[in-house]
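Q: Here it is: the structure, laid out below.
The values are calculated or read from the model by the stated rules, or taken from the named source; none is laboratory data. This structure is a prediction, so every number in the text was calculated from the model and none was measured. Counting neighbours? That spans all protein chains shown, and the Cβs are built from the backbone with ideal geometry, glycine included.
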Amino acid sequence: PDVVMGEAFSAEETLFIFDWDDTLLPTTWVQRQGLSLDAGSVPTDEQRGQLQRAAECSRRTLQGAMQRGRVVIVTNGGQGWVELSCSKFMPSLAPVLVEVQIVSARATYEPQGIACPFEWKVHAFKKEIYGFYSGSGADVRRNVLSLGDSMHEHLALASVTQGMSNCRAKSLKFATFPE
């Protein structure tokens with residue numbers, strides 16, 4: 001069903017679901033630079049400067065979203081990957097991540113016998129979306145935004161919100177393996 005548009009959605013009606021890799025963290029760039037979580041892998045001053053600029057963009061993005069709704073990061077990375085990679089490559093972003101719920105779809109659903117990364121995202125999106133709007137009546141407007149570089153996020157959002165009453169689902173897909 002269509003949502004009648006008039007006034008803007010409130011923060012109480014809005015849920016942002018961010019991916020981590022190549023969305024908030026420039027993972028492909030980090031890998032192409034030869035960087036890793038290993039202790040011996042230390043960014044150069046130039047790399048550190050570029051990562052700091054990326055962290056600042058991610059910080060502004062997350063804080064802007066937090067002012068406009070609830071923010072969740074759903075990753076297919078393992079448990080702790082977001083926090084570890086953030087502390088290694090974008091430490092200035094860490095204080096913002098403390099304020100955000102981080103979900104490892106892989107760590108949650110792979111042990112349950114679900115082997116497909118797309119299905120991990122679908123299950124995680126469903127849990128977060130239904131959890132956020134639980135207790136809301138059918139007449140409550142729902143505004144769900146997904147931001148990520150994979151079709152997994154786009155398709156998971158469509159799958160979970162299809163048929164939800166008064167739901168406006170929006171997906172912003174970034175480049176896969178960006179330069």
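Q: Just checking: which of the helices (runs of 4 or more DSSP H) contained wholly in the stretch 65-179 hold 1 or more residues that are without any contact (Cβ under 8 Å) to a residue 12 or more places away in the chain?
A: Numbers: elements: 81-89, 94-97, 105-109, 117-133, 151-161.
Output list reads 81-89, 94-97, 117-133.
Q: Would you check if SER41 is loosely packed, with under 14 Cβ neighbours inside 10 Å, more than 21 Å from SER150 (Cβ to Cβ), at pLDDT 95 or above and touching a Leu at 6+ places or on another chain (Cβ under 8 Å)? Before the answer, list the steps.
A: Numbers: loosely packed, with under 14 Cβ neighbours inside 10 Å: yes; more than 21 Å from SER150 (Cβ to Cβ): yes; at pLDDT 95 or above: yes; touching a Leu at 6+ places or on another chain (Cβ under 8 Å): yes.
Taking the combined requirement at face value, the residue satisfies it.
Q: Taking the stretch 81-120 only, how many residues are farther than 20 Å from VAL160 by Cβ, β-branched (Val, Ile, Thr) and touching a helix residue (DSSP H, G or I) at 6+ places or on another chain (Cβ under 6 Å)?
A: Qualifying residue count, the stretch 81-120: 1.
Q: Residues in the stretch 88-101: is at least one on the phi > 0 side of the Ramachandran plot and surrounded by fewer than 19 Cβ atoms within 10 Å (Cβ to Cβ)?
A: Scanning the stretch 88-101 turns up no residue that is on the phi > 0 side of the Ramachandran plot and surrounded by fewer than 19 Cβ atoms within 10 Å (Cβ to Cβ).
Q: For the stretch 140-179, which residues satisfy the criterion of being hydroxyl-bearing (Ser, Thr, Tyr), closer than 18 Å to TRP120 by Cα and over 15 Å from the mean Cα position of the chain (by Cα)?
A: SER159, THR161
Q: How many residues are more than 25 Å from GLN31 (Cβ to Cβ) and buried (at least 20 other Cβ atoms within 10 Å of the Cβ) when one looks only at the stretch 142-166?
A: Total meeting the criteria: 6.
Q: Within the group PHE125, PHE118, PHE132, which residue is of a type outside the set (S, T, N, Q), more than 27 Å from PHE9 (Cβ to Cβ), modelled with pLDDT of 95 or more and crowded, with 16+ Cβ neighbours inside 10 Å?
A: Result: PHE118 is the single residue among PHE125, PHE118, PHE132 that is of a type outside the set (S, T, N, Q), more than 27 Å from PHE9 (Cβ to Cβ), modelled with pLDDT of 95 or more and crowded, with 16+ Cβ neighbours inside 10 Å.
Q: Same structure, new question: State which residue pairs qualify: first residue within 16 Å of VAL30 (Cα to Cα) and inside the stretch 49-63, second residue part of a helix (DSSP H, G or I) in any location, beta carbons under 7 Å apart, and separation of 6 or more residues or different chains.
A: Listed pairs, sorted by first residue: LEU51/PHE89; GLN52/SER92; ALA55/SER92; ALA55/LEU93; SER58/LEU93.
Q: Among the residues of the stretch 35-52, are any of a type in the set (Val, Ile, Thr) and out of contact with any Ser or Thr (no Cβ under 9 Å at 6 or more places or on another chain)? Full working, then the answer.
A: Taking the stretch 35-52 first, the residues of a type in the set (Val, Ile, Thr) are 42, 44.
Next, only the ones that are out of contact with any Ser or Thr (no Cβ under 9 Å at 6 or more places or on another chain) stay: 42, 44.
For the stretch 35-52, residues of a type in the set (Val, Ile, Thr) and out of contact with any Ser or Thr (no Cβ under 9 Å at 6 or more places or on another chain): present.
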